[in-house]
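Undergrad: Provided herewith is a single structure, encoded as structure tokens, for subsequent inquiry.
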């Protein structure tokens, strides 16, 4: 009888502990704890050095290579670990269209920057590239070929505007590409849309858990909460930014799988028209020219102002600092700034302080 009484007491104690734990489960989730990376520990995830990627684009046809992102890449290379040039498009016949620049390549390599060029889907090519097994194999083989020829450290698959019906096809594409890239010891990044408070029409094609199995990193495009054809508002409100970063970490299997996007641009919404993408310098110049005061929205952590039929929201050092505080809280593998040349230059000192690259 003494043993059965003891057992009863133990059971009651266990029940009480379980009840307390269940009650605590209704509270707000804390930030995920960083994964432990003790060498040799069972199940330990390998956390890579911190990555700071600057996206590179020279978007104006006919302009010299030294415009666009080039000056920022040279000036702030010391704050970055890599660049992601916007150079390749997968076509419906399985080839890659290119606008690569030898000058940019040589400069980036000379500055010690790794290169993860973007592979985008050419308009009208998605059904073939993702849905046709023969074309899919041709595209993945051509990606491997260009990476080997150019000695890139890896690539970034940036397939956008995918209907949710392409979800399984995108997963199959990455499952085919990933082992080919790992066989030559190259890094695979896939850019994906955020999924919290984002329309399924935009985000539904991206199966985070499955894509995490077939890539080294998911780069979450944590911007365009308000976009060119939406109502005006912050590009990346901090509460929305945090929800999506935490969700991605949970679904992908840990912070070591995530690269957090950081926006550096703005939009000028004109009444009755789609917004124009603008740089930090554009925003400051327009406010100065119109003699209007720049306001700062504390709730979303974003600068903005209005004049006539225009409403402008953009990013500056203060709004970037707020997002980097969230990044520091969750400690992902890296950040990626879209895009070089659009930013307030002062953000790089903040990045150096709050999320410094590591070699």
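The values are calculated or read from the model by the stated rules, or taken from the named source; none is laboratory data. Being a predicted model, the structure only gives us computed values, none of them experimental. When we count neighbours, we look across all protein chains shown, and the Cβ atoms used for this are built from the backbone with ideal geometry, even at glycine.
Residue by residue, here is whether (1) outside any loop (DSSP other than H, G, I, E, B); (2) more than 24 Å from residue 230 (Cα to Cα) holds:
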position	(1), (2)
256	yes, yes
286	yes, no
292	no, no
323	yes, no
326	yes, yes
349	yes, yes
352	yes, yes
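Undergrad: Conditions: (1) out of contact with any strand residue (DSSP E or B) (no Cβ under 7 Å at 6 or more places or on another chain); (2) touching a residue at least 60 places away in the same chain (Cβ under 8 Å); (3) crowded, with 16+ Cβ neighbours inside 10 Å. Residue 224 meets all but one. Number of the miss?
TA: Going through the list (1) out of contact with any strand residue (DSSP E or B) (no Cβ under 7 Å at 6 or more places or on another chain); (2) touching a residue at least 60 places away in the same chain (Cβ under 8 Å); (3) crowded, with 16+ Cβ neighbours inside 10 Å, residue 224 breaks only (2).
Undergrad: If you take the residues in segment 197-221 that are within 16 Å of residue 235 (Cβ to Cβ) and out of contact with any strand residue (DSSP E or B) (no Cβ under 7 Å at 6 or more places or on another chain), which one is surrounded by the fewest Cβ atoms within 10 Å (Cβ to Cβ)? Walk me through how you get there before you give the answer.
TA: Quick first cut of segment 197-221, residues within 16 Å of residue 235 (Cβ to Cβ) only: 197-198, 202, 220-221.
Next cut, out of contact with any strand residue (DSSP E or B) (no Cβ under 7 Å at 6 or more places or on another chain) only: 197-198, 202.
On the way: 197: 12, 198: 16, 202: 18.
Result: 197.
Undergrad: Could you check segment 84-178 for helices (runs of 4 or more DSSP H) lying wholly inside it with 2 or more residues that are touching a strand residue (DSSP E or B) at 6+ places or on another chain (Cβ under 7 Å) and buried (at least 21 other Cβ atoms within 10 Å of the Cβ)?
TA: Because the criterion is at least 2 residues that are touching a strand residue (DSSP E or B) at 6+ places or on another chain (Cβ under 7 Å) and buried (at least 21 other Cβ atoms within 10 Å of the Cβ), the helices (runs of 4 or more DSSP H) in segment 84-178 that meet it are 102-110, 133-150.
Undergrad: In the list 285, 336, which residue meets the criterion of being under 23 Å from residue 59 (Cβ atoms) and more than 17 Å from the chain's Cα centre (by Cα)?
TA: Within the list 285, 336, the selection yields 285.
Undergrad: Let me ask you something else. Right, residue 143: at pLDDT 95 or above and within 26 Å of residue 335 (Cα to Cα) or not? Give the steps one after another, and end with the answer.
TA: Details: at pLDDT 95 or above: yes; within 26 Å of residue 335 (Cα to Cα): yes.
In short, yes.
Undergrad: Can I ask one more? Checking the condition surrounded by 13 or more Cβ atoms within 10 Å (Cβ to Cβ), outside any strand (DSSP E or B), in contact (Cβ under 8 Å) with a residue 40 or more places away in the chain and in contact with a strand residue (DSSP E or B) (Cβ under 8 Å, 6 or more places away or on another chain), which residue from 311, 315 passes?
TA: Result of the check over 311, 315: 315.
Undergrad: Something else about it: Could you pull out the residue among 336, 328 that is modelled with pLDDT of 95 or more, out of contact with any strand residue (DSSP E or B) (no Cβ under 6 Å at 6 or more places or on another chain) and over 24 Å from residue 271 (Cα atoms)? Lay out the reasoning, then the answer.
TA: On the way: 336 fails: out of contact with any strand residue (DSSP E or B) (no Cβ under 6 Å at 6 or more places or on another chain).
Criteria check complete, one pass: 328.
Undergrad: Restricting attention to segment 234-253, report how many residues are outside any helix (DSSP H, G or I) and surrounded by fewer than 19 Cβ atoms within 10 Å (Cβ to Cβ).
TA: The qualifying residues number 1.
Undergrad: Take the residues in segment 254-279 that are more than 22 Å from residue 300 (Cα to Cα) and in contact (Cβ under 8 Å) with a residue 60 or more places away in the chain, then tell me which one is surrounded by the fewest Cβ atoms within 10 Å (Cβ to Cβ).
TA: The qualifying residue surrounded by the fewest Cβ atoms within 10 Å (Cβ to Cβ) is 254.
Undergrad: I'm checking my understanding of the structure. Among residues of segment 185-205 that are assigned to a loop (DSSP other than H, G, I, E, B) and over 13 Å from the mean Cα position of the chain (by Cα), which one is nearest to residue 332 (Cα to Cα)?
TA: Ranking the candidates gives 196 first.
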